[in-house]
Amino acid sequence: MSPCDTCVVRNRAICAGLDNPEIAALSTMGRRRTVSAGEPLIWEDDDSLLVANVIEGVLKLTTSTADGREQIVGVAYPSDFIGRPFGQTSAASVVALTDARVCVFSRNDFDRFAREHPELEHKLLERTLSELDRTRAWMMLLGRKSAPEKIATFLLDMSDRLADNGCGPHAGPARQFTLPFSRQQVADVLGLTIETVSRQFTKLKSDGVVALPSRRDVEILDRGALQLLAG
């Protein structure tokens, strides 16, 4: 039995459209890797040597200014694909926000395999277009939404991305989840101050929209109200 046979994200990952012989062939090129929280997997502007499927955990994509200031430009969740196929350099650093497991492939091997399997190239195109749509929505959030709208949108996005996509009783958007971000990182992602973020979380709690058992744990009590706040 190959690791692909027991992969918990196989039906959602980029390799979902491959048949069993193709999965077996791809499996021989990949290897599982555990990444500890804070550990980098890919460095910005380095040669693009690997790509990966996220199996468990959450990773951040960041870029840096010349003087070392960091900006989070994306987040990778289970079943997401990271790395730069068909490219010579990496456009962003990829660092684990939580302990994570990834399935890593040599970029050259993956590129060659993708060229030989149109279904995989099609999945890559679908993921790229979805990421483009998500980026446009994020530009709208940063450019036009108020602080309450930003926080509400952010929490709904986290709920959707950390959803249980199985068929069990808890399938669907996550009602309870642990933020992989600190409050300061939430502020950085949303273009707010940490004081504003804290005030908005406190207001959502006092209004009964969410419960905050700890600084990182969130429980959505009134999803409809959160959606209205998100605009």
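All conditions but one from (1) within 30 Å of LEU18 (Cβ to Cβ); (2) buried (at least 18 other Cβ atoms within 10 Å of the Cβ); (3) not assigned by TED's automatic domain parsing to the domain that holds ILE72 apply to VAL209; the one that does not is (1).
Residues of segment 138-164 that are surrounded by 11 or more Cβ atoms within 10 Å (Cβ to Cβ) and farther than 21 Å from ASP222 by Cα: TRP138, MET140, LEU141, LEU142.
May I ask you to verify whether LEU192 is outside the structural domain of SER79 (by TED's automatic domain parsing) and surrounded by 15 or more Cβ atoms within 10 Å (Cβ to Cβ)? Criteria met by LEU192. Screening segment 64-136 for strands (runs of 3 or more DSSP E) wholly inside it with 1 or more residues that are surrounded by 13 or more Cβ atoms within 10 Å (Cβ to Cβ), within 16 Å of the chain's Cα centre (by Cα) and of a type in the set (Phe, Trp, Tyr) returns the ranges 81-83. Counting just the residues of segment 183-208 that are assigned to a loop (DSSP other than H, G, I, E, B) and in contact (Cβ under 8 Å) with a residue 24 or more places away in the chain, which one comes out farthest from ALA76 (Cα to Cα)? The qualifying residue farthest from ALA76 (Cα to Cα) is LEU192.
Condition first: outside the structural domain of GLN184 (by TED's automatic domain parsing), on the phi > 0 side of the Ramachandran plot and at pLDDT below 90. Can you find one or more residues in segment 65-73 that meet it? Looking through segment 65-73, at least one residue is outside the structural domain of GLN184 (by TED's automatic domain parsing), on the phi > 0 side of the Ramachandran plot and at pLDDT below 90. Among the residues of this structure, GLU44 counts as one that is surrounded by 16 or more Cβ atoms within 10 Å (Cβ to Cβ) and either farther than 30 Å from SER159 by Cβ or of a type in the set (D, E, K, R) (or both).
Residues checked against (1) modelled with pLDDT of 90 or more; (2) aromatic (Phe, Trp, Tyr); (3) within 23 Å of ASP188 (Cα to Cα):
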| position | (1), (2), (3) |
| --- | --- |
| PRO3 | no, no, no |
| THR6 | no, no, no |
| LEU18 | no, no, no |
| ARG32 | yes, no, no |
| SER48 | yes, no, no |
| VAL51 | yes, no, no |
| ILE55 | yes, no, no |
| LYS60 | yes, no, yes |
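Taken together, the residues in segment 209-231 that are part of a loop (DSSP other than H, G, I, E, B), among the charged types (D, E, K, R) and either on the phi > 0 side of the Ramachandran plot or touching a strand residue (DSSP E or B) at 6+ places or on another chain (Cβ under 9 Å) (or both) amount to 2. Between a first residue in segment 37-56 that is on the phi > 0 side of the Ramachandran plot and a second residue that is buried (at least 21 other Cβ atoms within 10 Å of the Cβ) and part of a loop (DSSP other than H, G, I, E, B), which pairs have beta carbons less than 8 Å apart while being 6 or more apart in sequence or on different chains? If the second residue must be buried (at least 21 other Cβ atoms within 10 Å of the Cβ) and part of a loop (DSSP other than H, G, I, E, B), the pairs left are ASP45/SER90.
Contact map, segment 107-121: residues that are in the same structural domain as ASP46 (by TED's automatic domain parsing) and charged (D, E, K, R) paired with residues that are surrounded by 20 or more Cβ atoms within 10 Å (Cβ to Cβ) and part of a helix (DSSP H, G or I), Cβ distance under 8 Å, separation 6+ or inter-chain. Pairs shown: GLU121/ALA114.
The values are calculated or read from the model by the stated rules, or taken from the named source; none is laboratory data. This is a predicted model, so every value here is computed, not measured. Glycine also receives a Cβ, built like all others from the backbone with ideal geometry; neighbour counts cover every protein chain displayed.
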